[in-house]
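Take a look at the structure below.
The values are calculated or read from the model by the stated rules, or taken from the named source; none is laboratory data. Given the structure is predicted, the values throughout are model-derived calculations rather than measurements. Here the Cβ positions follow ideal geometry from the backbone for every residue, glycine too, while neighbour counts run over all protein chains shown.
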């Protein structure tokens with residue numbers, strides 16, 4: 001067990017390092033990286049403009065820059081944001097909690113809505129419930145995050161609910177198929193034949209069968225919700241890391257963007273990795 005945990009942690013670290021380097025490389029080769037808008041400020045002296053250019057040139061060699069960045073990162077230093085003129089660690093400390101709260105709300109609501117509709121459709125056998133579930137999931141699965149964010153902004157709805165609606169269709173459809181398959185299993189058919197109530201069959205016979213697959217989906221749902229949440233934070237003006245990433249992209253802030261890439265990769269990969277570990281542990285316990 002500890003070996004699997006160690007390998008999982010090693011995998012997370014390796015993917016983070018690779019993602020940070022690839023992200024920095026993409027930023028470096030993007031058009032306009034060497035240019036800084038501060039150079040257009042007429043109040044700056046020639047020496048100040050030259051210092052800005054030299055700072056840009058210092059980051060031109062991405063491999064050398066990334067090695068230096070990782071060396072400082074191991075000592076808790078994530079560098080200084082060039083656009084906001086603040087330590088990246090302080091910016092993340094201020095913005096990350098808001099994103100994590102919104103992410104928790106989004107994932108929780110998506111699961112409640114998806115599971116509730118899937119279970120209601122299966123328990124009642126009602127075509128109306130199935131039509132509602134399929135209609136809602138079909139509507140939101142094809143809705144762009146930017147469009148839904150604008151609707152929420154205009155209607156003044158809580159922005160954390162928008163990514164929940166975007167993730168819910170995948171949870172609903174996956175759980176709906178899982179429930180249909182689980183209700184066809186021999187032990188579930190036997191329990192129903194013996195007169196067990198629908199709720200008892202669901203809780204004691206169906207949900208335990210579904211749990212390993214649900215755990216695997218949970219990690220994926222966190223990644224999906226995070227991907228949807230970041231642009232929604234920008235459009236809805238939420239003070240999270242999504243807005244911070246937008247500001248960094250506008251200013252071509254390499255240090256801040258690399259730090260944000262590491263954080264987003266850590267959240268996504270950790271959710272998937274530990275949900276897979278929980279699934280494997282559960283399956284091994286049943287065996």
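The lone criterion from (1) farther than 24 Å from residue 169 by Cα; (2) more than 19 Å from the chain's Cα centre (by Cα); (3) in contact (Cβ under 8 Å) with a residue 40 or more places away in the chain left unmet by residue 248 is number (2). Looking at region 257-270, is at least one residue free of Cβ contacts under 8 Å to residues at least 12 places away in the same chain and out of contact with any strand residue (DSSP E or B) (no Cβ under 9 Å at 6 or more places or on another chain)? Among the residues of region 257-270, not one is free of Cβ contacts under 8 Å to residues at least 12 places away in the same chain and out of contact with any strand residue (DSSP E or B) (no Cβ under 9 Å at 6 or more places or on another chain), which makes the answer no. Just checking, which of 252, 284 is at pLDDT below 85 and in a loop (DSSP other than H, G, I, E, B)? After ruling out the rest, the residue left standing is 252. Residue count for region 110-137, restricted to those that are farther than 28 Å from residue 188 by Cα and surrounded by 13 or more Cβ atoms within 10 Å (Cβ to Cβ): 1. Screening 179, 154, 113 for residues that are out of contact with any helix residue (DSSP H, G or I) (no Cβ under 9 Å at 6 or more places or on another chain), modelled with pLDDT of 85 or more and assigned to a helix (DSSP H, G or I) leaves exactly one candidate, 154. Looking only at region 77-93, residues that are touching a residue at least 12 places away in the same chain (Cβ under 8 Å), assigned to a helix (DSSP H, G or I) and either over 17 Å from residue 261 (Cβ atoms) or in contact with a helix residue (DSSP H, G or I) (Cβ under 7 Å, 6 or more places away or on another chain) (or both) come to 3 in all.
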